[in-house]
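Novice: Here's a structure for you.
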Amino acid sequence: MIWYPYEQMKTMKIPYEIVDAQGVWLYTREGGMIDSVSSWWSVIHGYKHPALTKAIVEQAQRFSHVMLGGLTHEPVQKLAQKLAAWLPGDLDYCFFSDSGSVGVEVALKMALQYYVNRGELRRTKILALTHAYHGDTFKTMEAGDDADYHFILDVYGEKQDVIHIPAEIPALEDAFLRHHAQLNCLIVEPLLQGAGGMRMYDISFLERARELCYEYGVLLIFDEVATGFGRTGYRFVADRVLPDIIVLGKALTGGYIGHAVTVARQNVYAGFYDDDAAHALMHGPTFMGNALACSAALASITVFETEGYMEKIARIAEIIKREMEGFTDPRIREVRMMGACICIEVNEAETLAGYQEFARARGVFARPFLQYLYAMPPYTIGEKELVRVLDTMKAWFHRPQADADRRGALPEAAVFGAGVPGELQAQNG
């Protein structure tokens, strides 16, 4: 039996069974639906992209995986070289892992050991943001600040080694003034806090954070697992403000295989490069540098570079703004937009009860959580498909009228036929 994520198994609804996927469409045996959330924000090229599929198949015909302990291979070497050239500044040193959460664990471990190696043993504290989400492994949960995900840590009592502040410059300056001698890092999801509620803040906060980290000798970590590869409208937020360590995942492989990378600047790497074996980073995920994942990542980056993805993202942002700016309802607290992300925050979580089924009936897959209704679509989405996603979000707040008009005025063929691969249409009769 499958134990599903973030679900009470006793009461969960039966999940949709996907039998095929193409472009931005997911297919059940009953028909298709637009994936409005890119499979947890990772499938930026859509499904079954020929370049990524080809890269994985060709690598599998050679070998799928070898450990990086005492071995190496061309795909991981090429990916490390590509990332070093592609990322800003001297973010050159790549430590691979198998998921974003583990990638953040590596970054936090790097930051702590960096100072231990220097003999600065008092620097045990992490500065992080309120509403932060960095993953579900234990240190990332500690760095996080969301009771809905991390309440289990309450059994340990008050956190001793993490300080949380709002993304506001006065709070940031005060935290550095009071705690700088004990801090090893400041970790942030830059500009866009994902699972904490799609919260958005101004880049001036990050600019001031960079200044303070330099001033007080604290490492700045960007968790760009969700924000990287264009989601905020920037290729990476690190292009605007340079961190000491950046963590990438999700879209790193175009969402085709789980993989992540923690990339450090030269000063961080130098803190471990020593004749003393005890100064080595003693970490090694089994599937780090997986050859299939590295091949997929190289293909994904090539597609991103050569197929005008920043222009695609700008067009998505333009359409979202055109369709959603000024949209309101008494049940809505705020509508937030940034890059290829739109979030409607409602006052009460109950307002969104039933939305997933409502969207499914209109040919859209959505996964609202708590009081947040959002879309983060693949960058390959067409205008008509994106407008359908946004219209569905708006229709939810006008649903008595929409329900009277045959639940959204979409003919059945638009949901349960159009765009379905031929073999599935044949199966569905």
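The values are calculated or read from the model by the stated rules, or taken from the named source; none is laboratory data. Everything numeric here is computed off the predicted structure, so don't read it as measured data. Ideal geometry is used to build each Cβ from the backbone, glycine not excepted, and the neighbour counts take in all protein chains shown. These accessible areas exclude ligands, DNA and RNA; they are computed on the full protein's heavy atoms, side chains included. Shrake-Rupley method; radii C 1.70, N 1.55, O 1.52, S 1.80 Å.
Novice: On the full set of protein chains, 1.4 Å probe, figure out the accessible area of THR11 and give it in Å² to the nearest 10.
Specialist: 110
Novice: Find the relative contact order for the chain and round it to a whole percent, using C-alpha pairs within less than 8 Å whose residues are 6+ positions apart.
Specialist: It comes to 23 percent, rounded to a whole number.
Novice: With every protein chain kept in the model, how would you rank MET1, MET393 by accessible area, 1.4 Å probe, largest at the top?
Specialist: From most exposed to least exposed: MET1, MET393.
Novice: Run the paramagnetic zone check for GLU74: 7 angstrom along Cα to Cβ, then residues of region 264-297 with backbone nitrogen under 19 Å.
Specialist: Within reach of a label on GLU74, which here means backbone N under 19 Å from a point 7 Å along Cα→Cβ, region 264-297 contributes 289-297.
Novice: Considering only protein heavy atoms, what is the solvent-accessible area of ILE169 at a probe of 1.4 Å, reported in Å² to the nearest 10?
Specialist: For ILE169, the solvent-accessible surface is approximately 60 Å².
Novice: Ranking request for peptides 108-115, 278-285: highest mean number of other beta-carbon atoms within 10 Å first, then the rest in descending order.
Specialist: Ranked from most to least packed, the peptides come out as 108-115, 278-285.
Novice: Taking every pair of alpha-carbon atoms in the chain, what share in percent sits in each 20 Å bin, from 0 to the bin with the longest distance?
Specialist: 25, 56, 18, 1
Novice: Please state the charge dipole magnitude for region 176-324, taken about the Cα centre, from unit charges on C-beta atoms (+1 on K and R, -1 on D and E), reported in debye and rounded to the nearest 20. Walk me through the numbers before you get to the answer.
Specialist: Values: 13 positive and 17 negative charges, 111 e Å.
The calculated dipole for region 176-324 is roughly 540 debye.
Novice: Along the Cα→Cβ direction, 7 angstrom out, place labels at ALA314 and TYR4. What is the inter-label distance in nm?
Specialist: Those two pseudo-labels are separated by 4.1 nm.
Novice: Averaged per residue, what accessible surface does the chain expose to a 1.4 Å probe, in Å²? Intermediate results must be reported in sequence, preceding the final value.
Specialist: Numbers: 19200 Å² over 429 residues.
Here the per-residue accessible area is 45 Å².
Novice: Another question, then. Note the full-extension length gain between PHE327 and THR302 as 0.36 nm times their separation in residues minus their Cα-Cα distance, in nm to one decimal.
Specialist: Numbers: separation 25, 0.36 × 25 = 9.00 nm, distance 3.70 nm.
Length gained between PHE327 and THR302: 5.3 nm.
Novice: Rounded, prolate or oblate: which one fits region 266-404, using the alpha carbon gyration tensor with axes a ≥ b ≥ c (rounded when a/c is under 1.5, else prolate when a/b beats b/c, else oblate)?
Specialist: The shape class here is prolate.
Novice: Roughly how big is the chain's charge dipole about its Cα centre, with Cβ charges of +1 (Lys, Arg) and -1 (Asp, Glu), in debye to the nearest 20?
Specialist: Dipole magnitude for the chain comes out near 660 debye.
Novice: With the contact rule set at Cα under 8 Å and sequence spacing of 6 or more, what percent relative contact order holds for region 312-398?
Specialist: 30
Novice: Shifting gears a bit: Evaluate the relative contact order of region 254-368 (contact order divided by residue number), counting alpha-carbon pairs under 8 angstrom at least 6 apart; express in whole percent.
Specialist: Rounded, it is 15 percent for region 254-368.
Novice: In addition: What residues have an amide H closer than 5 Å to that of VAL218, excluding those fewer than 5 places away on the same chain, when H is modeled at 1.01 Å from N in the peptide plane?
Specialist: none
Novice: Further question on the same structure: Once phi is turned into θ = phi - 60°, what whole-Hz ³J(HN,Hα) does the Karplus curve with 6.51, -1.76 and 1.60 give for every residue of region 38-50, x standing for Gly and Pro?
Specialist: Couplings: 6, 6, 6, 6, 10, 8, 6, 9, x, 9, 6, 6, x Hz.
Novice: What whole number of Å gives the distance from the Cα centroid of region 1-59 to the Cα centroid of region 184-225?
Specialist: 31
Novice: Using a 1.4 Å probe over the heavy atoms of the protein chains, calculate the carbon and sulfur portion of the accessible area of the chain as a whole percent.
Specialist: Roughly 55 percent, rounded to a whole number.
Novice: Next up: Between GLU168, GLU383, GLU17, where does the largest GNM mean-square fluctuation fall for the chain, given springs only between Cα atoms within less than 10 Å?
Specialist: Checking each option, the largest mean-square fluctuation is seen for GLU17.
Novice: Compare the Cα positions of CYS294, LEU26, VAL237 along the charge dipole of the chain (+1 at Cβ of Lys, Arg; -1 at Cβ of Asp, Glu; about the Cα centre) and return the one farthest towards the positive end.
Specialist: Sorting the options by dipole projection puts first LEU26.
Novice: Just read off the accessible area of TRP40 with the full protein assembly in place, 1.4 Å probe, to the nearest 10 Å².
Specialist: The accessible area of TRP40 comes to roughly 110 Å².
Novice: Students sometimes get this wrong: rank ARG122, ARG336 by accessible area, probe 1.4 Å, all chains present, largest first.
Specialist: Result of the area sort, largest leading: ARG122, ARG336.
Novice: Turning to a different aspect of this structure: Residue by residue through region 104-118, what is 3J(HN,Hα) from phi via Karplus (6.51 cos²θ - 1.76 cosθ + 1.60, θ = phi - 60°)? Round to whole Hz and write x for glycine and proline.
Specialist: Values per residue, Gly and Pro as x: 6, 3, 4, 4, 5, 5, 4, 5, 5, 5, 3, 7, 4, 4, 8 Hz.
Novice: Which lysines, on any chain, are close to LYS312 with Cα under 16 Å apart, when same-chain ones fewer than 8 places away are left out?
Specialist: Partners within reach: LYS321, LYS384.
Novice: How much length is gained on full extension from GLN160 to PHE272, taking 0.36 nm per residue of separation minus their Cα-Cα distance?
Specialist: Contour length minus Cα-Cα distance gives 37.7 nm.
Novice: Sticking with this one: So which lysines can LYS78 reach, going by Cα to Cα under 22 Å and dropping same-chain residues fewer than 8 places off?
Specialist: Within reach: LYS54, LYS250.
Novice: Give the residue from PHE358, VAL188, THR140 lying farthest towards the positive end of the charge dipole for the chain; charges sit on Cβ (+1 for Lys and Arg, -1 for Asp and Glu) and the dipole is referred to the Cα centre.
Specialist: Farthest along the dipole direction, towards plus: PHE358.
Novice: Kirkwood Rh, region 229-319, all Cα pairs: how many Å?
Specialist: The Cα-based Kirkwood calculation yields 15.3 Å.
Novice: Relative to the longest principal axis of the chain, what angle (0 to 90°, nearest 10) does the C-alpha long axis of helix 291-306 take?
Specialist: Taking the Cα atoms of the chain, the angle to 291-306 is about 70 degrees.
Novice: Do any GluC sites (Glu not before Pro) in region 274-325 lie in a loop, going by DSSP, with at most 15 other beta-carbon atoms within 10 Å of their beta carbon, and if so which?
Specialist: Working: sites: GLU305, GLU307, GLU311, GLU318, GLU323, GLU325; in loops: GLU307, GLU325.
For GluC sites (Glu not before Pro) across region 274-325 that sit outside H, G, I, E and B with at most 15 neighbouring Cβ atoms in 10 Å, the list reads GLU307, GLU325.
Novice: List the residues, sorted by chain then number, that are 5 or more residues from ILE342 or on another chain and whose placed amide H is less than 5 Å from its amide H.
Specialist: ALA375
Novice: Which FRET efficiency value, to the nearest 0.05, is calculated for THR137 and GLU383 with the Förster distance at 60 angstrom and r the Cβ-Cβ distance?
Specialist: 0.95
Novice: Out of residues 5 or more away from TYR93 or on other chains, whose amide H comes under 5 Å of its own, with H placed 1.01 Å from N in the peptide plane?
Specialist: For TYR93, whose amide H was placed from the backbone, the distant partners under 5 Å are ALA264.
Novice: Mind giving me the FRET efficiency for ALA60 and GLN22? R0 is 22 Å, r the Cβ-Cβ distance, nearest 0.05 is fine.
Specialist: 0.55
Novice: Compare SER204, SER38, SER99 in a GNM of the chain, Cα atoms joined below 10 Å, and give the one with the largest fluctuation.
Specialist: SER204
Novice: Let me ask you something else. Please give the calculated 222 nm ellipticity per residue for the chain, where each DSSP H segment of at least 4 residues contributes -39500 (n - 2.57) and the sum is spread over every residue; nearest 500 deg cm²/dmol?
Specialist: Rounded to the nearest 500, it is -11000 deg cm²/dmol.
Novice: So for region 29-177, Kirkwood radius off the Cα pairs, Stokes-Einstein at 37 °C and 0.692 mPa s: how many µm² s⁻¹?
Specialist: Estimated via Stokes-Einstein, D reaches 170 µm²/s.
Novice: Let me check something: with ligands and nucleic acids excluded, how do ASP161, ASP202, ASP244, ASP275 order by accessible area (1.4 Å probe), largest to smallest?
Specialist: From most accessible down to least: ASP275, ASP202, ASP161, ASP244.
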